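What follows is a single structure, written as structure tokens, with notes after it.
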Amino acid sequence: MTEAKKKLVEVKAKMSGVFYRKPAPEEPFYVEVGTIVKKKQILALLETMKVFQKIKSPVNGKVVEIFIENEIPVKDDEVMFIIEKE
Amino acid sequence: MFLKILIANRGEIALRVIRACRELGIKSVAVYSEADAGSMHLKLADEQVCIGPAISTKSYLNIENIMKAAKETGADAVHPGYGYLAEKQEFAIECEKNGIVFIGPTPANLSLAGDKIAAKRIMAEAGVPVIPASPGSIDTIEEAKEFCKDIGYPVMVKASGGGGGRGIKVCRDEETLIEDFPMAKIEGRTAFGNDEVYIERFITEPRHIEFQVLADKFGNTTHLGERECTIQRRYQKLIEESPSPALTPELRKEMGAAAVKAARAVDYFNAGTVEFLLDKSGKFYFMEVNSRIQVEHPVTELTTGIDLVKEQIRLSSGEKLGYTFDDINLRGWAMECRINAEDPDRNFLPSPGTVKDYHPPAGFGVRLDTHLYQGYELPIYYDSLIAKLISYNLTREGTIQVMKRALEEFKIEPLKTTIPLYLKVMDDPFFREGQFDTGFIEKFLPEEDDDDDYDDDDEDE
């Protein structure tokens, strides 16, 4: 894979909700900046009205930016992650 | 009687309790989280106390802050509503310690209702029918065959470590038992790290029927008839009615007597619900006791004329029950639709947002319990139940007509709600005939995949 082919992909919230970077308070974060992720790998959870949705990576690649702190609400369409596509 | 009641809840049930307090001339204290500063229950209560940030564990589940609010406002009783702290024994005990009356069952009732296995054992001992099940794990196929011969097919082989419908094999006969019993053990070991399984009778096409009970502190207990709660999705009730189209007067009498027996067996106090499964042949089995006022209580109120929240308050203040089921004039038919801010076409995905165009239904036979208003912004932190629409008429057919008309009138734009689903149900010939079981709602829903994520569309090249 050459530098020129690298592409940044935004992962946006499809609805407003509370952003969780880990499955339970005592667990580690799903991913950190620099984590190599596979397509469909879980990046975070979003809780809206007591329903949890998995936020998955849309591509194979590397997490380059995480915009939201753990347990902070996000708005509809807000960018949560940037993934550098492999 | 109490002078001031603190309502440890939010949403429609907080309004419900505040209204009862107003009618009884009791002052009310609303508590709220930072996300609920614009909530309707604050407008109707006499006093308002903020009990913490948006996240429920820090506000509506925060026993310390709620106790502090009760003491500061001088409330002499607390009504917990449903959910949150309503069935937390620790909260009831904390109220007691602080000299504040917990409007609900005793701490012992709450503890037992939370222990389903112990509750079933006590019910079986008291002579209330329970689903035949192996008392412990079953280890060998020979044991399994023998036990199933005793209780009769079909049976469920359940992994002890399983839950929420997982790790269950339904066996229609001995042949499938021989095939599936070892499978259940293997799956239990790989999925839950435990190959213990137990077996219970499988109830085919069951209905969920529950009985409202009331009990005072002097040992007087009555039931108030049944609620039909069969129409559910993933164990969440959607439509409830009273009476049930499945019950004859004889069966009602028999099940009502069993419900009272169940309540007495655990020295139950205040309002509660005894849940049963009813099979096609009219056999019924105890499931659990719900030790709280339930979401669907209005259908019982309409057919009995008894205000259940006022009864909870009255009984907690130490008054006697004063009547039995035979004294009640049951009249007409009531039905409730739970309006959720969810999209039934997209796997019941929540639909938060601001209510921009609001038109509530009204007219003869309509009751609406809701905290919605024009301009209300639904917090993302709490349950998606936004309204309970209840219809009443002398006949079931008439009640369905009222419900359909009221659903058509109800506008909550631009939110997605379960209203369109209920409109389809009201027109369904089987529903109109009262013919349904717990799997009824499936035929109205698009097929789901097992994976519990909603945003699964891939980014293609």
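The values are calculated or read from the model by the stated rules, or taken from the named source; none is laboratory data. Because the structure is predicted, anything quoted here is derived from the model rather than measured. Cβ placement follows ideal geometry from the backbone for every residue including glycine, while neighbour counts extend to all protein chains displayed.
Among the residues in segment A:38-46, are any within 27 Å of B:Ile380 (Cα to Cα), within 11 Å of another protein chain (Cβ to nearest Cβ), in contact (Cβ under 8 Å) with a residue 24 or more places away in the chain and surrounded by fewer than 20 Cβ atoms within 10 Å (Cβ to Cβ)?
yes
Just to be sure before I move on: is B:Glu200 charged (D, E, K, R), over 27 Å from the mean Cα position of the chain (by Cα) and farther than 30 Å from B:Ile328 by Cα in the structure I sent?
When the stated conditions are applied, B:Glu200 does not pass them.
Spot the failing condition for A:Met49; the list is (1) surrounded by 18 or more Cβ atoms within 10 Å (Cβ to Cβ); (2) among the aliphatic types (A, V, I, L, M); (3) on the phi < 0 side of the Ramachandran plot; (4) within 10 Å of chain B (Cβ to nearest Cβ), and only one is missed.
(3)
Filter segment B:30-65 down to residues that are part of a strand (DSSP E or B) and either closer than 17 Å to B:Ile5 by Cα or touching a residue at least 40 places away in the same chain (Cβ under 8 Å) (or both), then give me how many there are. Steps first, answer last, please.
The first filter runs over segment B:30-65 and keeps only residues part of a strand (DSSP E or B), leaving B:30-33, B:47-52.
Narrowing the set further to residues that are either closer than 17 Å to B:Ile5 by Cα or touching a residue at least 40 places away in the same chain (Cβ under 8 Å) (or both) leaves B:30-33, B:47-51.
Count: 9.
If you take the residues in segment B:330-353 that are over 17 Å from B:Gly11 (Cα atoms) and within 14 Å of another protein chain (Cβ to nearest Cβ), which one is surrounded by the fewest Cβ atoms within 10 Å (Cβ to Cβ)?
The extreme case among them is B:Arg346.
For segment A:52-69, give me the residue count where each residue is away from every other protein chain (no Cβ under 12 Å) and under 25 Å from B:Gly353 (Cβ atoms).
3
State the number of residues belonging to segment A:6-37 that are within 12 Å of chain B (Cβ to nearest Cβ) and without any contact (Cβ under 8 Å) to a residue 40 or more places away in the chain.
1
Show the residue pairs that are 6+ apart or on different chains and have beta-carbon atoms under 9 Å apart, the first residue being within segment B:73-84 and outside the structural domain of B:Ile313 (by TED's automatic domain parsing) and part of a loop (DSSP other than H, G, I, E, B), the second being surrounded by fewer than 24 Cβ atoms within 10 Å (Cβ to Cβ) and of a type in the set (Asp, Glu).
So the pair list comes out as B:Ala75/B:Glu47; B:Pro80/B:Glu87; B:Gly83/B:Asp383.
Could you name every one of the strands (runs of 3 or more DSSP E) located completely within segment B:165-221 that has at least 3 residues being closer than 20 Å to B:Gln236 by Cα and modelled with pLDDT of 90 or more?
Ranges flagged: B:207-215.
Which numbered condition in (1) within 30 Å of B:Ala108 (Cα to Cα); (2) surrounded by 15 or more Cβ atoms within 10 Å (Cβ to Cβ); (3) assigned by TED's automatic domain parsing to the domain that holds B:Met426; (4) not small (Gly, Ala, Ser) is the only one that B:Lys158 fails?
(3)
For segment A:55-86, what are the residues that are of a type in the set (Lys, Arg) and either over 20 Å from B:Ile55 (Cβ atoms) or touching a Lys or Arg at 6+ places or on another chain (Cβ under 9 Å) (or both)?
A:Lys56, A:Lys62, A:Lys85
Being closer than 29 Å to B:Glu254 by Cα and of a type in the set (Gly, Ala, Ser) narrows it down to one of B:Gly114, B:Gly136, B:Gly161, so name that one.
Details: B:Gly136 fails: closer than 29 Å to B:Glu254 by Cα; B:Gly161 fails: closer than 29 Å to B:Glu254 by Cα.
The conditions single out B:Gly114.
Limited to segment B:195-239, what total is found for residues that are in contact with a Gly (Cβ under 9 Å, 6 or more places away or on another chain) and basic (Lys, Arg)?
3
Would you mind stating whether B:Val299 is touching a His at 6+ places or on another chain (Cβ under 9 Å), surrounded by 23 or more Cβ atoms within 10 Å (Cβ to Cβ) and at pLDDT 95 or above? Reasoning before the result, please.
Details: touching a His at 6+ places or on another chain (Cβ under 9 Å): no; surrounded by 23 or more Cβ atoms within 10 Å (Cβ to Cβ): yes; at pLDDT 95 or above: yes.
For B:Val299, the condition - touching a His at 6+ places or on another chain (Cβ under 9 Å), surrounded by 23 or more Cβ atoms within 10 Å (Cβ to Cβ) and at pLDDT 95 or above - is not met.
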